[in-house]
Amino acid sequence: MSAKIISGRAVADEIRAELRERVAELREESGVTPGLATVLVGDDPASHQYVGMKNKAAGAMGIHSRQVTLPADTPEAELLGLVAGLNADPEIHGILVQLPLPPHIDEGKVIEAIHPSKDVDGLHPMSVGRLATDSGHFFAPCTPAGIVEMLIRSGFDPAGKHVVVLGRSNLVGRPLASLLLRKDRGGNATVTVCHSRTRDLGTVTRTADILVAAMGRAEAITGHMVRPGAVVIDVGTNRVDDPGSEKGYRVCGDVLFDEVVEVAAAISPVPGGVGPMTITMLLSNTLKSAALAAADAVGAAR
Ligand SMILES: NC(=O)c1ccc[n+]([C@@H]2O[C@H](COP(=O)([O-])OP(=O)(O)OC[C@H]3O[C@@H](n4cnc5c(N)ncnc54)[C@H](OP(=O)(O)O)[C@@H]3O)[C@@H](O)[C@H]2O)c1
């Protein structure tokens, strides 16, 4: 029997409709329009495309977006100065510096320069630490947050489930494991994290109630690696040669869809799965940041 398809696009549309309403409410109640600054250094076409998509989606939500594009040879000090200016700008509630940065710029230094209250990408060490210790206010990184939200809204709450996460990157695997372990909505799962040194991967993946593949290995997860009835989330975004197609390549996930769809109870496709959720969570974090700033302003005026 074929699995249910978890449409990230449909879930993202549902959340975006809610966000649009909340943005309008915030503006009406407090006069605050959420503001997102995107900073792009260099001319990597994929980065330009991602930033363009983020700004377009922000505009459609009624979120003010400001794109700053700098040449590839921008000195690190100039970029740090720009970030400091955005930190101090009351019209900006979220700052996103598109990665990767050119090699002469220390990415860690730039991420640490973003004020944690505007760290809507959730990559600042303060955000990471608060997420890992499940304490205080923080913004969750957008892709893991999107995965959790997509699971919940599709009827697959991770609480009490064994979730196997494939990948331990700082962008996806690790923060996802931290989110799933929280004593909060979307958490309370039993989590196993695998990586390239995990032995006999199939034995581990077959124990998963929910399997999340974030390895960047095209179609590596085959049908026999999945327990019948499991829920499978495919984060992978891989380009593989496809001489028969117009572009000469196709985009696929880490999961061999045609096999796994016959074994799993539910599966998210690539494209149309996790991708649309990632941008949506960035907008959600920007709105949260603006709402907190508006509440702080009310508190200060009292
Ligand atoms: N749709 C979206 O919005 C979105 C967002 C972010 C990422 N992605 C996609 O998700 C994938 C992962 O991204 P990432 O940034 O996390 O990648 P990454 O930094 O390259 O990390 C990949 C992780 O997978 C592990 N791994 C690699 N081969 C493996 C194998 N054969 N068995 C088990 N584990 C293996 C690596 O292990 P080691 O640590 O041992 O090297 C590493 O922890 C990529 O395809 C990326 O394009 C999609």
Boolean, Glu262 is touching a residue at least 40 places away in the same chain (Cβ under 8 Å), loosely packed, with under 15 Cβ neighbours inside 10 Å and assigned to a loop (DSSP other than H, G, I, E, B): yes
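Could you tell me whether any residue of the range 198-214 is more than 26 Å from Ser2 (Cβ to Cβ), without any contact (Cβ under 8 Å) to a residue 24 or more places away in the chain, open to solvent by 60 Å² or more (accessible area, probe 1.4 Å) and more than 18 Å from the chain's Cα centre (by Cα)?
For the range 198-214, residues more than 26 Å from Ser2 (Cβ to Cβ), without any contact (Cβ under 8 Å) to a residue 24 or more places away in the chain, open to solvent by 60 Å² or more (accessible area, probe 1.4 Å) and more than 18 Å from the chain's Cα centre (by Cα): present.
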Note on Asn170: of the conditions (1) within 16 Å of the ligand (Cβ to nearest atom); (2) buried (at least 18 other Cβ atoms within 10 Å of the Cβ); (3) within 15 Å of the chain's Cα centre (by Cα), unmet is (2)
All-but-one check, Asp157 against (1) more than 15 Å from the ligand (Cβ to nearest atom); (2) in contact (Cβ under 8 Å) with a residue 12 or more places away in the chain; (3) surrounded by fewer than 17 Cβ atoms within 10 Å (Cβ to Cβ), failing number (3)
Can you name the residue in the range 232-252 that is assigned to a strand (DSSP E or B) and without any contact (Cβ under 8 Å) to a residue 40 or more places away in the chain and is also most open to solvent (accessible area, probe 1.4 Å) among such residues? Arg239
Ile221 fails exactly one of (1) in contact with a strand residue (DSSP E or B) (Cβ under 9 Å, 6 or more places away or on another chain); (2) open to solvent by 10 Å² or more (accessible area, probe 1.4 Å), namely (2)
Any hit, the range 232-254, residues being under 22 Å from Gly146 (Cα atoms) and away from the ligand (no atom under 16 Å from the Cβ): no
All but one of (1) within 11 Å of the ligand (Cβ to nearest atom); (2) assigned to a loop (DSSP other than H, G, I, E, B); (3) surrounded by fewer than 17 Cβ atoms within 10 Å (Cβ to Cβ) hold for Gly229, so report the exception by its number. (1)
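Tell me, which residue of the range 179-226 that is within 14 Å of the ligand (Cβ to nearest atom) and among the hydroxyl-bearing types (Ser, Thr, Tyr) is farthest from Gly146 (Cα to Cα)?
My answer is Thr203.
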Restricting attention to the range 39-60, does a residue exist that is in a helix (DSSP H, G or I), surrounded by 15 or more Cβ atoms within 10 Å (Cβ to Cβ) and in contact with a Lys or Arg (Cβ under 9 Å, 6 or more places away or on another chain)? yes
Looking at the range 215-274, which of its residues are within 23 Å of the chain's Cα centre (by Cα) and aromatic (Phe, Trp, Tyr)? Phe257
Do you know which residues across the range 265-302 are small (Gly, Ala, Ser), within 15 Å of the ligand (Cβ to nearest atom) and crowded, with 23+ Cβ neighbours inside 10 Å? Ser268, Gly273, Ser284
Across the range 126-154, what is the number of residues that are under 13 Å from Leu181 (Cβ atoms) and either buried (at least 19 other Cβ atoms within 10 Å of the Cβ) or of a type in the set (Val, Ile, Thr) (or both)? 5
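The values are calculated or read from the model by the stated rules, or taken from the named source; none is laboratory data. These figures come from a predicted structure and were not determined experimentally. Methodologically, a virtual Cβ is constructed for each residue, glycine included, from the backbone with ideal geometry; neighbour enumeration extends over all protein chains shown. We work out accessible area using only protein heavy atoms, side chains counted, and drop any ligands, DNA or RNA first. Shrake-Rupley method; radii C 1.70, N 1.55, O 1.52, S 1.80 Å.
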